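Structure first, commentary second.
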Amino acid sequence: MSQIKFVMLDFDGTIADSFASVICCAEKMCLNAGYSFDKSIIERSMGCTTEECIARLIGNRDPEVIERLTAAYNVIYNREGLDMINLFDGVLNTVKHLHSKGIKIAITSNNIVSAISYVAERLGLMPYLECIVGVECVEHGKPEPDIAIEAMRRAGVTAEESLVVGDSTYDMGMGRNAGCHCCGVSYGCDTPQTLTESGAEWIIDNFSELEQIVLG
């Protein structure tokens, strides 16, 4: 697919194996704040913003409560969770190869830039990234198009030249709403069927398969 010049990668569940980290930190946050913890709610909420995930987890949408618990979660996540995260098989080599072929690469996520940057630096991804656009960089997170639009602006590319890669319907929704091509990964939070119904033009089972889609 030679017209692709820019690849936007979701972070959690797409390039980063972070599920255990999120579960651990969310459980500690809940226990510290006196809330019960339901792992299945986290499983169903992967891909959405931290605030939305916490609101679902505690069954409360009071803005002050959500703000307080999000801050508490972020403290635990930054202190303990980030070093638990690793890349999925094939991610680093694939990103290196795409970069060597002149493909611009970004991480576009409902996570925050500081956390992504820390992990990207620790795991060797940073030299190959055009930019990192997190949820705090825009007015609306996924599935709204804001994150993709901001990343394309920074990279100087068009939607037709851009491919969104992700594991959730939030990623596919963002890509579709921004007019980009979309590729789902089968090993994340949503099923291949759900991803296809949400706009994925391709589904890959291993991250290294992305090379064939982008480079042909």
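Counting the residues of the range 20-37 that are without any contact (Cβ under 8 Å) to a residue 60 or more places away in the chain, in a helix (DSSP H, G or I) and either in contact with an Asp or Glu (Cβ under 6 Å, 6 or more places away or on another chain) or open to solvent by 10 Å² or more (accessible area, probe 1.4 Å) (or both) gives 7. Here the condition is being more than 27 Å from Ile23 (Cβ to Cβ) and either in a helix (DSSP H, G or I) or open to solvent by less than 60 Å² (accessible area, probe 1.4 Å) (or both); of Leu98, Leu82, it holds for Leu98 alone. Could you identify the single residue in Gly81, Gly47 that is touching a strand residue (DSSP E or B) at 6+ places or on another chain (Cβ under 8 Å) and either closer than 30 Å to Val157 by Cβ or not charged (D, E, K, R) (or both)? One residue alone meets the criteria, Gly47.
Of note, Gly173 does not satisfy the criterion of being open to solvent by less than 10 Å² (accessible area, probe 1.4 Å), closer than 18 Å to Asp17 by Cβ and in contact with a Ser or Thr (Cβ under 7 Å, 6 or more places away or on another chain). Summed over the range 155-170, residues that are part of a helix (DSSP H, G or I) and open to solvent by 10 Å² or more (accessible area, probe 1.4 Å) total 5.
Please work out which residue is farthest from Ala155 (Cα to Cα), limiting yourself to the range 101-126 and to residues that are assigned to a helix (DSSP H, G or I), of a type outside the set (Phe, Trp, Tyr) and in contact (Cβ under 8 Å) with a residue 24 or more places away in the chain. By that ranking, first place goes to Arg122. With respect to (1) assigned to a helix (DSSP H, G or I); (2) touching a residue at least 24 places away in the same chain (Cβ under 8 Å); (3) not basic (Lys, Arg), the lone exception for Ala71 is condition (2). Within the range 127-142, being surrounded by 16 or more Cβ atoms within 10 Å (Cβ to Cβ), without any contact (Cβ under 8 Å) to a residue 40 or more places away in the chain and over 14 Å from Val7 (Cα atoms) holds for Gly134, Cys137, Val138. Screening the candidates Ile66, Ile4, Ile54 for the property of being in a helix (DSSP H, G or I), on the phi < 0 side of the Ramachandran plot, surrounded by 21 or more Cβ atoms within 10 Å (Cβ to Cβ) and out of contact with any Lys or Arg (no Cβ under 7 Å at 6 or more places or on another chain) yields one hit, Ile54. Among the residues of the range 198-210 satisfying the criterion of being in contact (Cβ under 8 Å) with a residue 12 or more places away in the chain and assigned to a helix (DSSP H, G or I), which is nearest to Val7 (Cα to Cα)? Filtering first and then ranking leaves Leu210. Selection of first residues in the range 180-193 that are without any contact (Cβ under 8 Å) to a residue 12 or more places away in the chain and of second residues that are open to solvent by less than 40 Å² (accessible area, probe 1.4 Å), restricted to Cβ pairs under 6 Å at least 6 apart or on distinct chains, gives the following pairs, ordered by first then second residue: Pro192/Ser186.
The values are calculated or read from the model by the stated rules, or taken from the named source; none is laboratory data. These numbers come from a predicted model, not from an experiment. We place every Cβ from the backbone using ideal geometry, glycine too, and count neighbours over all the protein chains shown. Heads up: the accessible areas ignore ligands, DNA and RNA and are worked out on the full protein's heavy atoms, side chains in. Shrake-Rupley method; radii C 1.70, N 1.55, O 1.52, S 1.80 Å.
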